[in-house]
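Enquirer: Just dropping this structure here.
The values are calculated or read from the model by the stated rules, or taken from the named source; none is laboratory data. Owing to the predicted nature of the structure, the values given are computational and were not obtained by experimental measurement. Every residue, glycine as well, gets a Cβ built from its backbone with ideal geometry; the counts of neighbours run over all protein chains shown.
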Amino acid sequence: MKQLVFLILISAVVWSCKSTTKKSETMTKKTEIQQKVEEFATFKLTTDLSVLSEKEKQMIPLLLDAAKIMDDIYWTQAYGDKNELFTENIDEYTEQFLKINYGPWERLNNNEPFIEGVGPKPAGANFYPADMTKAEFEAWDEPTKTSLYTLIKRDANGGLISVPYHEAWKQQLTQAADLIQKAAELAEDPGLKNYLEKRADALLTDDYYESDVAWMEMKNNTIEFIVGPIENYEDQLFGYKTAHESFILIKDKEWSQKLEKYASLLPGLQKELPCPAPYKDETPGMDSDMNVYDAVYYAGDTNAGSKTIAINLPNDEKVREDKGSRKLQLKNSMQAKFDKIVIPISNLLIAESQRKHVKFDAFFENTMFHEVSHGLGLGNTVDKSATVREALKDAYTSVEESKADILGLWCVYRLNEMGELGDKDMMDNFVTFMAGIFRSVRFGAASAHGKANMMRFYYFQEKGAFERDAETGTYHVDFEKMKEAIFSLSELILKMQGDGDYEAAKKMIEEKGFIRPELQKDLDRIGEAGIPRDIVFEQGAEVLGL
């Protein structure tokens, strides 16, 4: 009897240990996800709505509902049926992290899966059949296959078919177009009314040229609404397919007035680019403008992973050649990232003697002229055989972001030389730019912006633009060598784009577009210090008080 009791006690202890171990493993896993969620600093998207008329305030809920439809469509493009993920047994932190990433792959960690049993993220997201090979696609004789606005699927016989976006998501896009038309009826500004009407039509036809032109011609609107399939970052297989997104923005007219003069300087900056004449032989459209906004809503592609703080649109090369582009600075989002991320990183990784140079005005200028620089250089290759986007294929987004970053700093330097920026110290921009690299490189190699910052970091390192103090683990910017690196890297990328040199672009990404061990150690220090990786929004009608 005693032996039996002993065996029962032993069994109970073993079962208890196994149960405790299993519970401990579950808690540890949950804590890891919780930590990842807490790497995103929460920020409320609000603004002073008293600048809006009563009809404009009535427009906002309609635009919010249309934006939410873009969000739903983006889920299907990035992953598929999101209801498969949001099951009853997931915890609140896993649910939050799925929403941040729009799927089970961690966007700021090279798209590593964070849900058990989920395989690698398809390079083509959900724009192409999961079993489709590049060879199969390239051998397929279908003129619409490379369209920005077609979904590639398989037919009943297993062959590839090309489905226009407006057919693939007909029900959702019809509903969104109806909401936008209702908002147009309330619009008091003629330019905004015209744009909304044309954009609603474009969603139902996939012909965005007229609505892009109408968007360029808006000048006096207070509400800004960006909607539709726009950027091609999600398609990392070919870079052909655009993803749906939306922004709702409210113009800051006082800040916007400060920037009006810079739009007129774009043709002059194009002529002075630090590259041979054939690589700047295009004239930016003269309708370009710059404005400052408070963002009140992000949806779809623009809300996934790292959050956009400035916009340069449209992407259509023909519209840019005819009309130029618009540069939108999202001041409230930008300030949030500067305060919550850039300043803490600077206090950790920038040499103490240079921390005084890390300033919001410099961060704002660097970001603003990054967007300006998307409109500089060439939209078509020097030999006119293709657009730069077509020639560089899947390498395009990383190279284009790298161009915009480095040319943006060149623009600030050149305008300062011309006396257009007042009496400023360029070290503010150089050091703030260096601190910004550490912010953006954390986006990882799955992000075009992340790869662009990695390439620039290692190029600067090779040119001696900064030195790292091994004892303090801080970085010190060398002004003259930084200036030389800015000019030489600008020329390198402008020529690469103009030549449509896909092999050179791929080589640059392969050699410099990843994080090496020493840099990773410094990034680990940022994480260990509890500095946010990015921001996540509280947004919507309730936050706005509507």
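Enquirer: Return yes or no: is Met454 under 24 Å from Ile350 (Cα atoms), touching a residue at least 60 places away in the same chain (Cβ under 8 Å), touching a strand residue (DSSP E or B) at 6+ places or on another chain (Cβ under 7 Å) and not basic (Lys, Arg)?
Expert: Working: under 24 Å from Ile350 (Cα atoms): yes; touching a residue at least 60 places away in the same chain (Cβ under 8 Å): yes; touching a strand residue (DSSP E or B) at 6+ places or on another chain (Cβ under 7 Å): no; not basic (Lys, Arg): yes.
It is false that Met454 is under 24 Å from Ile350 (Cα atoms), touching a residue at least 60 places away in the same chain (Cβ under 8 Å), touching a strand residue (DSSP E or B) at 6+ places or on another chain (Cβ under 7 Å) and not basic (Lys, Arg).
Enquirer: So which pairs qualify, if the first residue must be in the stretch 288-313 and within 16 Å of Lys331 (Cβ to Cβ) and touching a residue at least 40 places away in the same chain (Cβ under 8 Å), the second must be assigned to a strand (DSSP E or B) and hydroxyl-bearing (Ser, Thr, Tyr), the Cβ gap must be under 7 Å, and the two must be at least 6 apart or on different chains?
Expert: Lys307/Tyr298
Enquirer: Answer yes or no as to whether Met434 is under 21 Å from Gly527 (Cβ atoms) and either in contact with a strand residue (DSSP E or B) (Cβ under 9 Å, 6 or more places away or on another chain) or among the aliphatic types (A, V, I, L, M) (or both).
Expert: On the way: under 21 Å from Gly527 (Cβ atoms): yes; either in contact with a strand residue (DSSP E or B) (Cβ under 9 Å, 6 or more places away or on another chain) or among the aliphatic types (A, V, I, L, M) (or both): yes.
Taking the combined requirement at face value, the residue satisfies it.
Enquirer: For the stretch 205-232, how many residues meet the condition of being buried (at least 21 other Cβ atoms within 10 Å of the Cβ), hydroxyl-bearing (Ser, Thr, Tyr) and touching a residue at least 24 places away in the same chain (Cβ under 8 Å)?
Expert: 1
Enquirer: Taking the options Ile406, Ile437, name whichever one is surrounded by 24 or more Cβ atoms within 10 Å (Cβ to Cβ) and either under 23 Å from Glu528 (Cβ atoms) or at pLDDT 95 or above (or both). Spell out how you get there, then give the answer.
Expert: Details: Ile437 fails: surrounded by 24 or more Cβ atoms within 10 Å (Cβ to Cβ).
Ile406 is the lone residue from the list that is surrounded by 24 or more Cβ atoms within 10 Å (Cβ to Cβ) and either under 23 Å from Glu528 (Cβ atoms) or at pLDDT 95 or above (or both).
Enquirer: Let me ask something else. Would you pick out the residues in the stretch 126-143 that are touching a strand residue (DSSP E or B) at 6+ places or on another chain (Cβ under 8 Å), over 23 Å from Tyr209 (Cα atoms) and in contact (Cβ under 8 Å) with a residue 40 or more places away in the chain? Break it down into steps so the answer makes sense when it comes.
Expert: Initially, the stretch 126-143 is screened for residues touching a strand residue (DSSP E or B) at 6+ places or on another chain (Cβ under 8 Å), giving 127-129, 132, 136-137, 140, 142.
Now restrict to residues that are over 23 Å from Tyr209 (Cα atoms): 128-129, 132, 136-137, 140.
Correct list: Tyr128, Phe137.
Enquirer: Hey, another quick one. I'd like to verify a number: residues in the stretch 49-84 that are under 26 Å from Glu254 (Cβ atoms), without any contact (Cβ under 8 Å) to a residue 40 or more places away in the chain and not small (Gly, Ala, Ser), how many?
Expert: 1
Enquirer: Also, quick follow-up: I'm trying to understand the selection: among the residues of the stretch 91-117, which are assigned to a loop (DSSP other than H, G, I, E, B), touching a Leu at 6+ places or on another chain (Cβ under 9 Å) and surrounded by fewer than 21 Cβ atoms within 10 Å (Cβ to Cβ)?
Expert: Taking the stretch 91-117 first, the residues assigned to a loop (DSSP other than H, G, I, E, B) are 91, 102-104, 110-111, 114-117.
Within this subset, residues satisfying the condition of being touching a Leu at 6+ places or on another chain (Cβ under 9 Å) are 103-104, 114-115.
Phe114, Ile115, listed by residue number.
Enquirer: Now a separate question. Inspect all residues belonging to the stretch 68-75 and state whether any of them is part of a loop (DSSP other than H, G, I, E, B), closer than 30 Å to Tyr293 by Cα and at pLDDT 95 or above. Write out each step before concluding.
Expert: Taking the stretch 68-75 and keeping what is part of a loop (DSSP other than H, G, I, E, B), we get none.
Within the stretch 68-75 (the criterion being part of a loop (DSSP other than H, G, I, E, B), closer than 30 Å to Tyr293 by Cα and at pLDDT 95 or above), the answer is no, since none of the residues qualifies.
Enquirer: While we're on this one: Out of the residues in the stretch 502-526 that are more than 23 Å from the chain's Cα centre (by Cα) and touching a residue at least 60 places away in the same chain (Cβ under 8 Å), state the one that is farthest from Phe40 (Cα to Cα).
Expert: It comes out as Asp522.
Enquirer: Checking Glu400 against (1) in a helix (DSSP H, G or I); (2) closer than 23 Å to Ala336 by Cα: exactly one of these is not met. Which one?
Expert: (2)
Enquirer: Please find, within the stretch 245-297, the residue that is modelled with the lowest pLDDT out of those that are aliphatic (A, V, I, L, M) and closer than 18 Å to Glu217 by Cβ. Lay out the reasoning, then the answer.
Expert: As a first pass, look at the stretch 245-297 and keep what is aliphatic (A, V, I, L, M): 248-250, 259, 263, 265-266, 269, 273, 277, 286, 290, 292, 295-296.
Of the ones still in play, those that are also closer than 18 Å to Glu217 by Cβ are 249, 263, 266, 286, 290.
On the way: Leu249: 98, Ala263: 73, Leu266: 81, Met286: 58, Met290: 85.
Checked the stretch 245-297; the qualifying residue modelled with the lowest pLDDT is Met286.
Enquirer: Based on what the data block shows, is Thr146 among the polar types (S, T, N, Q) and touching a strand residue (DSSP E or B) at 6+ places or on another chain (Cβ under 7 Å)?
Expert: On the way: among the polar types (S, T, N, Q): yes; touching a strand residue (DSSP E or B) at 6+ places or on another chain (Cβ under 7 Å): no.
Criteria not met by Thr146.
Enquirer: Only residues in the stretch 527-539 that are within 14 Å of Met334 (Cα to Cα) count as the first member; pair them with residues that are in a loop (DSSP other than H, G, I, E, B) and polar (S, T, N, Q), Cβ under 7 angstrom, at least 6 apart or cross-chain, and list the lot.
Expert: Pairs that qualify, where the first residue is within 14 Å of Met334 (Cα to Cα) and the partner is in a loop (DSSP other than H, G, I, E, B) and polar (S, T, N, Q), are Asp534/Ser306.
Enquirer: Given (1) buried (at least 19 other Cβ atoms within 10 Å of the Cβ); (2) charged (D, E, K, R); (3) out of contact with any His (no Cβ under 8 Å at 6 or more places or on another chain), where does Asp301 come up short, assuming only one miss?
Expert: Among (1) buried (at least 19 other Cβ atoms within 10 Å of the Cβ); (2) charged (D, E, K, R); (3) out of contact with any His (no Cβ under 8 Å at 6 or more places or on another chain), the lone unmet condition for Asp301 is (3).
Enquirer: Does the stretch 55-64 include one or more residues that are within 20 Å of the chain's Cα centre (by Cα) and either buried (at least 21 other Cβ atoms within 10 Å of the Cβ) or at pLDDT below 95 (or both)?
Expert: Initial filter on the stretch 55-64 (within 20 Å of the chain's Cα centre (by Cα)): none.
Among the residues of the stretch 55-64, not one is within 20 Å of the chain's Cα centre (by Cα) and either buried (at least 21 other Cβ atoms within 10 Å of the Cβ) or at pLDDT below 95 (or both), which makes the answer no.
Enquirer: What single numbered condition from (1) modelled with pLDDT under 90; (2) surrounded by fewer than 22 Cβ atoms within 10 Å (Cβ to Cβ) fails to hold for Tyr413?
Expert: (1)
Enquirer: Something else about it: Which condition number does Thr432 fail, the rest of (1) of a type outside the set (A, V, I, L, M); (2) surrounded by fewer than 24 Cβ atoms within 10 Å (Cβ to Cβ); (3) within 29 Å of Asp534 (Cα to Cα); (4) over 18 Å from the mean Cα position of the chain (by Cα) being met?
Expert: (2)
Enquirer: Name the strands (runs of 3 or more DSSP E) wholly within the stretch 251-353 that hold at least 3 residues that are farther than 30 Å from Val37 by Cα and within 21 Å of the chain's Cα centre (by Cα)? So that I can check it myself, show each step before the final result.
Expert: On the way: elements: 289-300, 310-313, 326-330.
In the stretch 251-353, the matching strands (runs of 3 or more DSSP E) lie at 289-300.
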